[in-house]
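So the structure is just underneath, and the comments pick up after that.
The values are calculated or read from the model by the stated rules, or taken from the named source; none is laboratory data. Predicted, not measured: the structure shown is a model, and the values here were computed from it. Using ideal geometry, Cβ is built from the backbone for each residue, glycine included, and neighbour counts are taken over all protein chains shown. In case anyone asks, the SASA skips ligands and DNA or RNA and just uses the protein heavy atoms, side chains included. Shrake-Rupley method; radii C 1.70, N 1.55, O 1.52, S 1.80 Å.
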Amino acid sequence: MSDFFTARIDGYDEHMLNDVEGCKEAYIEMARLLPLDTKSLLDLGCGTGLELNEIFKLIPHIEVTGIDLTQAMLDKLKEKYWNKNVKLYCGNYFDVDFGIETYDAAISFQTMHHFSHEDKVKLYSKIRDSLKPNGLYIECDYMVIDQSEEDFYFAENQRIRIEQGISECEFYHYDTPCTIDNQIKMFLSSGFKKALQIWRKENTTIIIGYK
């Protein structure tokens, strides 16, 4: 996974803004959905920080903790926002300790569509625990409508892993989008009191989980 994104660092921002339908608008929408009194933010899979550009316009003094698997992405983010209150960690957000009731809000942008339901529920539980009372988690991701689509992508991922000898515990870049209904169920299973689809353009979808 890290090798995949390191090799694409130079054209990554342009690709996300111009080639992935809905993303350009979703960066703006995600920033708008954050309460203006948000002081501390956890950004999972922060990449080069495209989502932060819009957030800093609205909440310039917000404190951000960003986690990403790819150091080259974090280096680019650091160059962009050298004058902002940003702490960056290169690592696997499944393993990083988020703390308990540490953040007012958490976000992720187009990073969760590579993982199983089981792994997501565990991660969402950890995100929920890291939020202060009444905190929220905003996820923008590639999601589908029909269960048959989700089943196809997960089956293809499994087939490729078997053919190439890739273990289940190894990160591999292959999109496995879930249905919106399943995403909401995972949020609720992980302990969020409410989860709602807020916005969608093509397959780019925003769901908010409320603690």
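Mean separation of Cα pairs under 8 Å and 6+ residues apart, divided by the residue count of segment 58-194: what relative contact order is that in percent?
Rounded, it is 23 percent for segment 58-194.
Just add up the charged neighbours of Asn18: K/R +1, D/E -1, any other residue whose Cβ is under 13 Å from the Cβ of Asn18.
-4
In whole angstrom, note down how far apart the Cα centers of segment 8-70 and segment 119-144 are.
Computed from Cα coordinates, the inter-centre distance equals 16 Å.
Sequence-distant or interchain residues sharing an amide H contact under 5 Å with Tyr89, placed H: which?
Correct list: Gly66, Ile67, Asp68.
How many percent of DSSP beta bridges within the chain run antiparallel, rounded to 5?
Of those bridges, close to 40 percent are antiparallel.
Quick one: work out Rg over Rh on the C-alpha atoms of the chain, Rh as Kirkwood radius.
In the chain, Rg relative to Rh is 0.94.
Indicate the gyration tensor shape class of segment 15-126 (rounded, prolate or oblate), computed on the Cα atoms with a ≥ b ≥ c the square roots of the eigenvalues: a/c under 1.5 is rounded; otherwise a/b larger than b/c is prolate and the rest oblate.
Rounded, since a/c falls under 1.5.
What accessible area per residue comes out for the chain, rounded to a whole number of Å², with a 1.4 Å probe?
Per residue, the chain has 49 Å² of solvent-accessible surface.
Quick check: at a probe of 1.4 Å, how many percent of the accessible area of the chain sits on carbon and sulfur atoms?
After summing per-atom areas, the C and S share lands at 50 percent.
Run lengths n ≥ 4 of DSSP H only: what is the helix-derived mean residue ellipticity at 222 nm for the chain, with -39500 (n - 2.57) per run over all residues, to the nearest 500?
After summing the helix terms and dividing by the residues of the chain, the value is -12000 deg cm²/dmol.
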